[in-house]
1. From the backbone phi of the stretch B:336-346, what are the Karplus-calculated ³J(HN,Hα) couplings (6.51 cos²θ - 1.76 cosθ + 1.60, θ = phi - 60°) in whole Hz, Gly and Pro given as x?
2. Between A:S65, A:S229, A:S73, which gets the highest mean-square fluctuation from a Gaussian network model of chain A, Cα cutoff 10 Å?
3. At 7 Å along Cα-to-Cβ for each site, give me the label-to-label distance between B:R306 and A:Q223 in nm.
4. Kindly provide the Kirkwood hydrodynamic radius of the stretch B:78-136 in Å, to one decimal, from all pairs of distinct alpha carbon atoms.
5. Using θ = phi - 60° and the Karplus curve 6.51 cos²θ - 1.76 cosθ + 1.60, what whole-Hz ³J(HN,Hα) does each residue of the stretch A:109-120 get, with Gly and Pro shown as x?
6. Can you work out the FRET efficiency for the pair A:K269 and A:N63, with r the C-beta to C-beta distance and R0 = 56 Å, to the nearest 0.05?
7. Compute the long axis of helix A:140-152 from its Cα atoms, compare it with the longest principal axis of the Cα atoms of chain A, and write down the angle in degrees, 0 to 90, nearest 10.
8. What is the pair-distance distribution P(r) of chain A, computed from all Cα-Cα distances in 10 Å bins starting at 0, with each bin given as a whole percent?
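All of the numbers you see were taken from the coordinates with simple rules; none came from a lab. As the structure is a prediction and not an experimental result, all values here were calculated from the model. With ideal geometry, Cβ positions are generated from the backbone for all residues, glycine too; neighbour counts draw on all protein chains shown.
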Amino acid sequence: MTSVAQPVIAARNLSFAFHPSRPILSNISLEVPPGSIYGFLGPNGAGKTTTMRLLTGLLRHPNNSGISLFGQSIDECLPQAFHRMGSLIETPSLYLHLSGLDNLRLLARLRGLQERMAEPALKWVGLERDGQRRVKQYSLGMKQRLAIAMALLSEPELLLLDEPVNGLDPAGMVEMRELMKTLNREKGITIFISSHLLNEVEKMCTHIGIIHRGGMQFEGTMQQLAASSLAEKKLTISLMEAWRWMEVLAAEYPGIQAVDAEKLALTVKDKSEVTAINRKLVLAGAPVYELKLHDGLEEWFMQITQTNS
Amino acid sequence: MRIPYFYGFRPAWRAEWLKLKGSGVTWLAAVLGAVVPLLGIVFRFFSRAFDPPLEPEALRFNWFESLFDDSLQGFGGFFYPLAIILLVSRLAGLEHKTDAWKLIETQPVSRLTIWSVKWLMSALWVAVVVTIFMFATILFNALFMAFDGVPAAATFGLPVGFLLQLALRLWISGLGLLTIQLGVSIIIRSTVWPITIGVAALIVSNMVASGNGLASTFWPYSLTSYTSRYPYGSEMGKWMLPAEWQSLVWVLLAPLAFMLYNYRGSLKLVFRSAAVWGMPVLVLAMVGAASWWVQRPQSLTMLEGRTVIAGNIQGPAMPDSIRVYNASLDMEIAAAPVQPNGVFHLQVPLQADVEELLVKLSFTNGTKIFAGKGDSLHLSWELGARPGLQKVKITGTGIANNQYMQNPGREFTMVGYFLSDDFKEGIEPSRFITRLLEEWEEDNKTLRQFKTADGFGLGPVMRSMQEKLIAVQYLDYAYFMYPAKFKVDADDPEWQKALKRVEPILRQVSDFDSSLVGWPQYHQFLRKWLVRDLPKGADKDSAYQQRLLQQPAGVTRDRLLFDLCNSRLELARDSASRASIMQDVALIANPKFRQSLEVKNNLLNRLRKGQPAPLFAAHLANDQSVSLASLRGQFVAVDVWATWCGPCRQQSPVFEKLAAKYKDQPITFIALSVDENRAAWDKFLAANNPKIAQWRAFSLAEIRQMYGVDAIPRFLLIDPDGNFVNAQMPMPTDANFEVLLRQALGLPAEEG
């Protein structure tokens, strides 16, 4: 029996390189607890897809990869473990010469399921009227939705999704997000979802892992992220004779600094503190003419994304 | 618990089946399977005006089997391998377009299952192509026959074994190609490139591996072509030909192809570790060893100290004996009876290592075979309804020698063309000799590479002999035929200079090569070669004889002398010149040779016009003795025949018609049977009630000896004094027979 705490996906010190001088992943460790929606966040080229290909065994690790699924090493449990997981990696893989329904039937055969499960699956993703058409004629969004239906067909315990909202319109994105949440809530499906969009992940994930240049930058729950230094918010206060007013806040914010003659900088945990700080300064008679709050996580993420794109 | 290697096989197979829907695979298989039979029928439709008329008396043949003689090569040579390349590319390509590989590779089926299902599905569709080809060939030809008429000699028993074996061999011959193409089509994720590579390899193999070279039983792209060259398969009763075994050897590459697929994307990475090299090295070593085993030179066990010819005869009538002649000596060396079921068996004494023999069945046409010391040859002899209609299949240890001799060298040579009447221009000596040396090399290459369907090459004795005979042929071209045709003087400096270059050919043969003594072409060459220094117009025959006598006495010299006398005797026009030749016969040491020439001379003298026709003992159906002596005072026409002789029965009715036509003339028509089996003759007379006098000779040997009869039917015309008018009349179906008859009777030539 696997204990409740047993992670669905676990990787320890995972490294990978096609060429020794150019490592793609170095010492990645991640743990996806059961029942979580795990956002795997990173800019393009950070190593997300390589990680996902290694997790599914699509890419063969030359040595022991140290990845385990459902508590078993992937070298031992694949391909049998695919019964328990569905995945959609990169662009949707479909048989264009077959109809949408036949694509689902084919998958049902591969997974040893009843072929009649194909039709309800079409309904989940709103393709019930297009089932007989050849996939060749589908739009990009329709193909994406079909691919998700295929990944969900057997109601797996684990769903691996690589950039699932790519190619969807804004309404589709919202729908998709709702679908994920519903699946997670009602069926207890663990979802591992990769994205390069922070707000995408923030809105639905319970856990988050951030990868950058082949290394893990953060891993934890959303709460842990909010509490971490990455999530610290930076407040800059513009006022006359900055050094004079530092004393007012120094007791509460020991990290306060005078950036220049008219600027103070300090970190806050929450927006609500800004009002209190402002009141304190004004009561003390400080001539405040600007308060600026920076979201640390977003700024940091923007920064790494820009340097890589 | 270990996950099975072929995990999820049934689900994967069922899914693969669903993928075919709308994929065009069925159409591809149907079109590529049916295109050759269809083209064949269209071609026959438009060319049937030029076809020879259907031969009613042809050898019986199975209609179904005959269909594949025509269409198989076009199929196996190009369209079948093309079908494999295209089908495999299509089946692998089903996953390429949207990288559906990653879809199936993240399902509960193992990679080995995925690859194996692809292989099996490809193999299944290749089998479908073969089946469609076989059915289409039969169907289209049946339609054509409904339109064009049924060939009279055809039989229509469905040869299930033949069809199944052919289909199976074709399928197997494509499996190696399939494995390699599937490997390529899966690793290179494109549709165009694997097809381009495959078709290029196919075209190259068609150009390079044509002929009997090693390549055609080894190179995976030419194996189907090899199989299609032999619709009847092994001549030695084996299940498969070397090409088909080789195809299975290429299938052994499958683990390697699978490995390349399995590690696709990280191949370089994986092969950096030495442990992974074990499998490919093992696979390649296995393929290498198995190929060596399949391609190794084959040899058959020879007999110790004797040479045996055995076989069986099939035909409308059974001859009663079989005789073997030494072809170059023109001498009988062995004889044996033929069993009523057609089986015969005899030992033959050979003088040389390999000799050309003429095998004759009683009186009918013979067949040439080549036998070496220690050979055991098996002849399957099928007789038709008239002379010349026969098929002899030779197997046994001499199979390669005999097949090579059926078509030695190449069909067309440039040198042969230069020397033919069709070539009207001139050609300088140096250019001629350059070309000659090239073609001499090529002939030698063909000789070295020669193999039978089963992969048997020539024995070392035969090969060295043939090398010498090729040299003899090219020396004849260079030394005699070129100067004769282009009127080159022997001392022409340019010619002399060019001739120096044939030195390497000259080194192959010695002036007096005893190993070639059994070969007539060597005799003919020697007759020119030994006297090549004599001026034009000299008596070359006697000079040749002189020079032979300078050689050491022995079997070789004797045979050459015999051959010279024999050919001179045949060419002599009168008994006086024959008499002078007979004086030279005394120079031959071997009494058998001398005796043979004397018999021949006597026979030739005896059979001349005006010589008395020898009297022989014969009887009528009622046992009353008869003799030619009783027919003096009138002309006698004799038809020498036998009940077992199919061709005789074609001529006899015409002979009888002539008897009726000339019944008022002073001439008697006699049918003289040489049946040894009296009962067969009686039965025939009772059944057919012929209209002319029927005699039967008491002794077949007597007729053979007295009249020099070595084939029947034979027709004689004798004058009222009992002397020959003609001992070798043409066949009655030939108009000349009647012309000669009327001449003898003093009747005017007929109008029209």
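1. With coefficients 6.51, -1.76 and 1.60, one gets 7, x, 9, 5, x, 7, x, 8, 9, 7, 8 Hz.
2. Taking springs between Cα atoms under 10 Å, the residue moving most is A:S229.
3. 10.5
4. Details: mean 1/r = 0.0793 Å⁻¹.
Hydrodynamic radius (Kirkwood, Cα pairs) of the stretch B:78-136 is 12.6 Å.
5. For the stretch A:109-120, the Karplus-derived couplings read 4, 4, 9, x, 9, 6, 5, 6, 6, 5, 5, x Hz, x marking Gly and Pro.
6. Details: r = 43 Å, r/R0 = 0.77.
E between A:K269 and A:N63, to the nearest 0.05, is 0.80.
7. So the helix axis and the longest Cα principal axis differ by about 80 degrees.
8. 6, 23, 26, 20, 12, 8, 4, 1
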